[in-house]
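Student: The structure follows.
The values are calculated or read from the model by the stated rules, or taken from the named source; none is laboratory data. Predicted, not measured: the structure shown is a model, and the values here were computed from it. Note: ideal-geometry Cβ built from the backbone for every residue, glycine included; neighbour counts use all protein chains shown. Please note that ligands, DNA and RNA were not included when accessible areas were found on the heavy atoms of the full protein model with its side chains. Shrake-Rupley method; radii C 1.70, N 1.55, O 1.52, S 1.80 Å.
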There are 2 protein chains.
Amino acid sequence: MAVVLPFESQPEPSIERLSALTQADMERVNALILSRTGSEVTMIPEVANHLISSGGKRLRPVLTLATAALTGYSGAGHIRLAAAVEFMHTATLLHDDVVDESELRRGKAAARMLWGNEASVLVGDFLLGQAFKMMVEVGSLRALEILSSAAAVIAEGEVMQLAAAKKLDTTEDAYLTVIRGKTAELFAAACEVGPVLAARSNAEQAACRSFGMNLGVAFQLVDDALDYGGSKARLGKNVGDDFREGKITLPVILAFRRGSADEREFWRAALEKGSNADADLERAIGLLARHGALDDTIDRARHYGAIAKDALALFPESEAKRALLEVVDFCVARAH
Amino acid sequence: MAVVLPFESQPEPSIERLSALTQADMERVNALILSRTGSEVTMIPEVANHLISSGGKRLRPVLTLATAALTGYSGAGHIRLAAAVEFMHTATLLHDDVVDESELRRGKAAARMLWGNEASVLVGDFLLGQAFKMMVEVGSLRALEILSSAAAVIAEGEVMQLAAAKKLDTTEDAYLTVIRGKTAELFAAACEVGPVLAARSNAEQAACRSFGMNLGVAFQLVDDALDYGGSKARLGKNVGDDFREGKITLPVILAFRRGSADEREFWRAALEKGSNADADLERAIGLLARHGALDDTIDRARHYGAIAKDALALFPESEAKRALLEVVDFCVARAH
């Protein structure tokens with residue numbers, strides 16, 4: 001299986017159905033996002049919009065809208081919750097860039113490179129505050145509970161990753177716990193609040209949560225693989241960023257475990273010193289290939305994708321369900 | 001008026017009455033704080049407790065408890081809200097230290113000096129998430145509205161301060177807007193949620209909010225003055241920290257406006273380059289004294305303290321009211 005080359009000849013899975021399904025609602029979400037980044041303190045909309053308008057897919061708010069559609073919600077609360085979810089995500093990105101000392105985000109200079117770490121930390125805090133204000137306006141205590149828990153779990157996942165940094169003997173299980181927290185929890189919460197607003201059964205709420213959680217894990221694993229095999233344009237960041245930052249991700253965990261003593265020595269030296277040498281990155285990519293670490297990471301992603309799809313099995317066929325199932329294929333197919 | 005020397009011979013205003021009033025409740029708050037910083041990710045309680053156990057006065061949660069007592073609240077929700085208020089405050093401190101690159105906090109090494117900026121950012125986010133979880137558990141949408149708005153306003157005030165950094169021609173009004181946001185808003189919210197839980201009249205809610213807001217402004221102004229005239233032990237930070245960080249505070253705003261062209265040149269040069277020279281700090285303190293800038297800053301603080309006291313006038317006499325009035329005197333008297 002080729003991880004790097006796109007199969008141009010095959011029709012790629014897309015999120016067109018999902019986009020069409022949620023387009024009208026997303027316009028309202030986008031207008032709300034724009035108005036809620038407004039502040040007399042001009043630095044706030046500048047920093048926030050630099051990131052928000054930078055062409056992210058807005059996958060998380062779209063999931064909130066789509067699961068609200070899936071479960072027949074007819075109110076207006078999902079618009080605010082979707083905007084809140086995007087703000088939580090944006091706040092996390094702003095803070096992550098500071099933590100990781102990243103220079104690029106979505107192919108553009110990271111906000112911290114333009115306005116400094118200070119502004120990234122504080123505007124992130126502002127967006128988090130605005131997110132909670134919007135949630136409170138919706139008035140669903142259960143939705144508030146889900147999203148505020150998610151905020152704590154996400155931060156916990158990030159700290160866990162920080163504590164595990166450079167630990168090459170991190171197990172696959174420990175790594176999964178990290179990405180469930182730092183990435184998948186927000187997918188799960190974004191999907192769970194839809195049926196919560198629609199006051200659907202606990203089983204349906206749990207199904208949507210499980211869909212989001214497993215989709216989020218698959219999404220992160222594909223991201224991890226892409227970091228060693230995507231083009232810059234496709235990725236919005238540089239190939240090898242994780243490597244240079246010394247991040248321990250699943251491809252590395254697998255290659256390290258499967259490697260010889262010499263190879264382990266290489267990984268230790270390269271990731272601990274955060275190697276910037278192209279030759280080191282090339283050797284790393286070579287070792288990942290030798291041990292099938294990228295292919296197997298994608299295989300694991302496919303596994304969680306399958307769980308996500310099965311989670312929705314109890315819902316009857318609908319346009320929303322088809323759109324959500326296609327998202328899973330789209331996320332996994334990004335790896336090609 | 002002496003700003004620096006304590007008047008050892010006079011009985012200083014104290015917060016003993018307030019401490020006695022809230023002691024039983026504070027024990028429950030402290031237990032809750034301890035349990036809610038718990039995490040399997042050991043770095044979280046380490047970082048959080050480094051700061052939380054570092055002998056802060058916990059003035060903000062105490063204010064929540066005291067205003068709940070003032071307004072006859074008989075439930076248990078004020079415990080969780082008080083803990084949430086302290087978590088919001090702690091999160092702000094963790095992030096502030098990163099933004100200001102501070103080395104000391106409450107007389108100890110700042111968390112970022114021990115665990116790094118990354119941990120300070122992320123553990124702050126975790127505490128913010130936990131704060132919202134606790135608020136949601138209380139279930140008062142109005143209290144949630146007040147505290148989530150406060151979170152956004154606080155961050156906005158911090159960004160405003162960042163944008164105004166090094167601008168010596170900042171007006172006193174503009175500066176007041178900054179400290180209303182970054183400091184006083186949390187005091188106001190902490191005081192407002194007490195009567196909200198007790199379901200008291202809008203007039204009483206507004207009175208408590210006004211008390212907190214004006215107390216917060218007075219508190220910050222005294223802090224600003226102390227930075228140029230307190231001892232390290234008393235202050236928990238170094239004299240001159242604001243000066244070295246190039247922070248524009250009211251004493252500087254006054255001395256700059258009242259100063260000669262030469263003096264203004266000195267302030268510009270010193271604050272823009274963030275002077276570390278003892279001689280520069282000495283000259284700054286000399287200029288503040290020449291123009292009565294510290295005394296007048298304290299006078300301004302006394303003015304806001306008086307407004308705070310009047311805000312409580314509509315409440316009948318009670319132990320809680322007396323305790324709250326004494327806090328104002330205590331905060332202003334810290335300047336001596």
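Student: Mind listing whichever residues of region A:106-125 are in contact with a helix residue (DSSP H, G or I) (Cβ under 6 Å, 6 or more places away or on another chain) and over 21 Å from B:Ala119 (Cβ atoms)? Explain how you work it out, then say what you get.
Tutor: Pass one, region A:106-125, residues in contact with a helix residue (DSSP H, G or I) (Cβ under 6 Å, 6 or more places away or on another chain): A:110-112, A:115, A:117-125.
Across region A:106-125, the qualifying residue is only A:Trp115.
Student: Could you grab me the full set of residues in region B:185-202 that are of a type in the set (A, V, I, L, M, F, W, C), out of contact with any Phe, Trp or Tyr (no Cβ under 6 Å at 6 or more places or on another chain) and either part of a helix (DSSP H, G or I) or at pLDDT below 95 (or both)?
Tutor: Narrowing region B:185-202 to residues of a type in the set (A, V, I, L, M, F, W, C): B:186-191, B:193, B:196-199.
Now drop any that are not out of contact with any Phe, Trp or Tyr (no Cβ under 6 Å at 6 or more places or on another chain), which leaves B:186-190, B:193, B:196, B:199.
Passing the criteria: B:Leu186, B:Phe187, B:Ala188, B:Ala189, B:Ala190, B:Val193, B:Val196.
Student: So, one more: Give me the residue from region A:128-139 that is open to solvent by 10 Å² or more (accessible area, probe 1.4 Å) and part of a helix (DSSP H, G or I) and, out of that set, nearest to A:Arg244 (Cα to Cα). Write out each step before concluding.
Tutor: Filtering region A:128-139 for residues open to solvent by 10 Å² or more (accessible area, probe 1.4 Å) gives A:128, A:130, A:133, A:136-139.
Still in the running and part of a helix (DSSP H, G or I): A:128, A:130, A:133, A:136-138.
Details: A:Leu128: 29, A:Gln130: 34, A:Lys133: 38, A:Val136: 40, A:Glu137: 42, A:Val138: 42 Å.
Among those that are open to solvent by 10 Å² or more (accessible area, probe 1.4 Å) and part of a helix (DSSP H, G or I), it is A:Leu128.
Student: Please go through region B:246-276 and pick out each residue that is of a type in the set (S, T, N, Q) and under 17 Å from the mean Cα position of the chain (by Cα).
Tutor: The first filter runs over region B:246-276 and keeps only residues of a type in the set (S, T, N, Q), leaving B:249, B:260, B:275-276.
Passing the criteria: only B:Thr249.
Student: Which of the residues that make up region B:290-336 are assigned to a loop (DSSP other than H, G, I, E, B) and over 15 Å from the mean Cα position of the chain (by Cα)? It would help to see each step written out before you state the result.
Tutor: Step one: list which residues in region B:290-336 are assigned to a loop (DSSP other than H, G, I, E, B), which gives B:291-292, B:315-318, B:334-336.
Of everything in region B:290-336, those that are assigned to a loop (DSSP other than H, G, I, E, B) and over 15 Å from the mean Cα position of the chain (by Cα) turn out to be B:His291, B:Gly292, B:Phe315, B:Pro316, B:Glu317, B:Ser318, B:His336.
Student: Do we find a residue being among the charged types (D, E, K, R) and closer than 22 Å to A:Ile179 by Cα anywhere in region A:277-287? Walk me through how you get there before you give the answer.
Tutor: Filtering region A:277-287 for residues among the charged types (D, E, K, R) gives A:278, A:280, A:282-283.
Still in the running and closer than 22 Å to A:Ile179 by Cα: none.
No, the conditions are met nowhere in region A:277-287.
Student: Does any residue in region A:36-48 that is at the interface with another protein chain (Cβ under 9 Å from one of its Cβ atoms) and touching a residue at least 12 places away in the same chain (Cβ under 8 Å) come within less than 9 Å, Cβ to Cβ, of a residue that is surrounded by fewer than 19 Cβ atoms within 10 Å (Cβ to Cβ) and not small (Gly, Ala, Ser) six or more places away or on a different chain, and which pairs are these?
Tutor: Sorted first by the residue in region A:36-48, then by its partner, the pairs are A:Ser39/A:Pro45; A:Val47/A:Leu114.
Student: Among the residues that make up region A:250-268, is at least one of them open to solvent by less than 10 Å² (accessible area, probe 1.4 Å) and under 29 Å from A:Ala323 (Cβ atoms)?
Tutor: There is at least one residue in region A:250-268 that is open to solvent by less than 10 Å² (accessible area, probe 1.4 Å) and under 29 Å from A:Ala323 (Cβ atoms).
Student: Quick check on A:Val178: is it β-branched (Val, Ile, Thr), at the interface with chain B (Cβ under 7 Å from one of its Cβ atoms) and open to solvent by less than 30 Å² (accessible area, probe 1.4 Å)?
Tutor: Numbers: β-branched (Val, Ile, Thr): yes; at the interface with chain B (Cβ under 7 Å from one of its Cβ atoms): no; open to solvent by less than 30 Å² (accessible area, probe 1.4 Å): yes.
Here the answer is no, as A:Val178 does not meet what is asked.
Student: Has region A:24-32 got at least one residue that is touching a residue at least 60 places away in the same chain (Cβ under 8 Å), in contact with a Ser or Thr (Cβ under 6 Å, 6 or more places away or on another chain) and in a helix (DSSP H, G or I)? Give the steps one after another, and end with the answer.
Tutor: Taking region A:24-32 as the starting set, the residues that turn out to be touching a residue at least 60 places away in the same chain (Cβ under 8 Å) are A:32.
Next, from what is left, pick out any that are in contact with a Ser or Thr (Cβ under 6 Å, 6 or more places away or on another chain): none.
Among the residues of region A:24-32, not one is touching a residue at least 60 places away in the same chain (Cβ under 8 Å), in contact with a Ser or Thr (Cβ under 6 Å, 6 or more places away or on another chain) and in a helix (DSSP H, G or I), which makes the answer no.
Student: Sticking with this one: Hey, does region A:88-99 have a residue that's in contact with a Pro (Cβ under 9 Å, 6 or more places away or on another chain) and more than 8 Å from every other protein chain (Cβ to nearest Cβ)?
Tutor: Narrowing region A:88-99 to residues in contact with a Pro (Cβ under 9 Å, 6 or more places away or on another chain): A:89.
Then keep just the ones that are more than 8 Å from every other protein chain (Cβ to nearest Cβ); that gives A:89.
Yes, that holds for at least one residue.
Student: Then there is this: Which of the residues belonging to region A:162-182 are touching a residue at least 24 places away in the same chain (Cβ under 8 Å) and part of a helix (DSSP H, G or I)?
Tutor: Let us first name the residues in region A:162-182 that are touching a residue at least 24 places away in the same chain (Cβ under 8 Å), namely A:162, A:164-172, A:175-176, A:179-182.
Answer for region A:162-182, where residues must be touching a residue at least 24 places away in the same chain (Cβ under 8 Å) and part of a helix (DSSP H, G or I): A:Leu162, A:Ala164, A:Glu172, A:Tyr175, A:Leu176, A:Ile179, A:Arg180, A:Gly181, A:Lys182.
Let's see how each residue does on (1) out of contact with any His (no Cβ under 6 Å at 6 or more places or on another chain); (2) small (Gly, Ala, Ser); (3) at pLDDT below 95:
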| position | (1), (2), (3) |
| --- | --- |
| B:Phe7 | no, no, yes |
| B:Val41 | yes, no, yes |
| B:Ala48 | yes, yes, yes |
| B:Leu51 | yes, no, yes |
| B:Lys57 | yes, no, yes |
| B:Ala68 | no, yes, no |
| B:Gly77 | yes, yes, no |
| B:Glu86 | yes, no, no |
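Student: Got a sec? Which of B:Phe243, B:Phe211 is over 18 Å from the mean Cα position of the chain (by Cα) and either modelled with pLDDT of 95 or more or not hydroxyl-bearing (Ser, Thr, Tyr) (or both)?
Tutor: Working: B:Phe211 fails: over 18 Å from the mean Cα position of the chain (by Cα).
Criteria check complete, one pass: B:Phe243.
For (1) at negative phi; (2) surrounded by fewer than 24 Cβ atoms within 10 Å (Cβ to Cβ); (3) more than 18 Å from the chain's Cα centre (by Cα); (4) facing another protein chain (nearest Cβ under 7 Å), each residue gets a yes or a no:
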| site | (1), (2), (3), (4) |
| --- | --- |
| B:Met113 | yes, yes, yes, no |
| B:Ser120 | yes, no, yes, no |
| B:Phe126 | yes, no, yes, yes |
| B:Leu141 | yes, yes, yes, yes |
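Student: If a residue has to be in contact with a Gly (Cβ under 7 Å, 6 or more places away or on another chain) and assigned to a helix (DSSP H, G or I) to count, how many in region B:71-120 make the cut?
Tutor: 4
Student: If you don't mind, there's one more thing I want to ask. Would you mind telling me which numbered condition in (1) modelled with pLDDT of 95 or more; (2) in contact with a Leu (Cβ under 6 Å, 6 or more places away or on another chain) A:Leu81 fails?
Tutor: So the condition that A:Leu81 fails would be (2).
Student: Quick check on B:Leu271: is it in contact with a Cys (Cβ under 9 Å, 6 or more places away or on another chain), of a type in the set (A, V, I, L, M, F, W, C) and buried (at least 21 other Cβ atoms within 10 Å of the Cβ)? Full working, then the answer.
Tutor: Details: in contact with a Cys (Cβ under 9 Å, 6 or more places away or on another chain): no; of a type in the set (A, V, I, L, M, F, W, C): yes; buried (at least 21 other Cβ atoms within 10 Å of the Cβ): yes.
It is false that B:Leu271 is in contact with a Cys (Cβ under 9 Å, 6 or more places away or on another chain), of a type in the set (A, V, I, L, M, F, W, C) and buried (at least 21 other Cβ atoms within 10 Å of the Cβ).
Student: Among the residues of region B:261-274, is there at least one that is at pLDDT 95 or above and either part of a loop (DSSP other than H, G, I, E, B) or at positive phi (or both)?
Tutor: Within region B:261-274, not a single residue is at pLDDT 95 or above and either part of a loop (DSSP other than H, G, I, E, B) or at positive phi (or both).
Student: Separate question: Those residues that are within 7 Å of another protein chain (Cβ to nearest Cβ), of a type in the set (Asp, Glu) and surrounded by fewer than 24 Cβ atoms within 10 Å (Cβ to Cβ), I need them from region B:143-170; list them, please.
Tutor: Of everything in region B:143-170, just one residue is within 7 Å of another protein chain (Cβ to nearest Cβ), of a type in the set (Asp, Glu) and surrounded by fewer than 24 Cβ atoms within 10 Å (Cβ to Cβ), namely B:Glu145.
Student: A further question on this structure: Just a yes or no: is a residue in region A:138-149 without any contact (Cβ under 8 Å) to a residue 40 or more places away in the chain and of a type in the set (A, V, I, L, M)?
Tutor: Filtering region A:138-149 down to residues without any contact (Cβ under 8 Å) to a residue 40 or more places away in the chain leaves A:141, A:144-145, A:148.
Narrowing further to those that are of a type in the set (A, V, I, L, M): A:141, A:144.
Yes.
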